[in-house]
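*Asks:* For reference, the structure I am asking about is given below.
Quick note: the coordinates plus some simple rules give every number you see, no bench work behind them. Since the structure is predicted, the reported quantities are computational estimates derived from the model, not experimental observations. Virtual Cβ from ideal backbone geometry, glycine too; neighbours counted across all protein chains shown.
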Amino acid sequence: MTEREPERESESELELNIEGALARLEEIVQALEGEGTQLDESLKLFAEGVKLASAIKQRLEQSELKVRQVLEGAEGFNVEDFLA
């Protein structure tokens, strides 16, 4: 009997869930602000937080690009009208 390769996650499963990532980032901040977290654990949490923040930023930039593309294809809308 041969071993099966583990199934790969679909692209949609690999996409970053921004809401979940933000919730986890908030948990990390609370843990780092609280007392009782050991230095090693704090460093691990900090590294995880930086990674999450970077992934969130990238996902938001992708979303902004998609919105720009949709607006550019729509009649009567100007992308600059939506920029703050």
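*Asks:* Let's test this: bin the Cα-Cα distances of the range 16-82 at 10 Å from zero up to the farthest pair and state each bin's percent.
*Replies:* 19, 33, 22, 15, 9, 2
*Asks:* GluC sites (Glu not before Pro) within the range 28-84: which are DSSP loop residues with at most 14 other Cβ atoms inside 10 Å?
*Replies:* Qualifying residues, ordered by number: GLU35, GLU75.
*Asks:* Please give the net charge around LYS57, taking every other residue with its beta carbon less than 12 angstrom from that of LYS57, where Lys and Arg add +1 and Asp and Glu add -1.
*Replies:* Counting the neighbours of LYS57, the net charge comes to 0.
*Asks:* Then there's this: Around LEU71, what is the net charge, scoring Lys/Arg as +1 and Asp/Glu as -1 over all other residues with Cβ under 14 Å from its Cβ?
*Replies:* Counting the neighbours of LEU71, the net charge comes to -3.
*Asks:* Based on Cβ point charges of +1 for Lys and Arg and -1 for Asp and Glu, what charge dipole magnitude is obtained for the range 16-82 about its Cα centre, in debye rounded to the nearest 20?
*Replies:* The calculation lands at about 260 debye.
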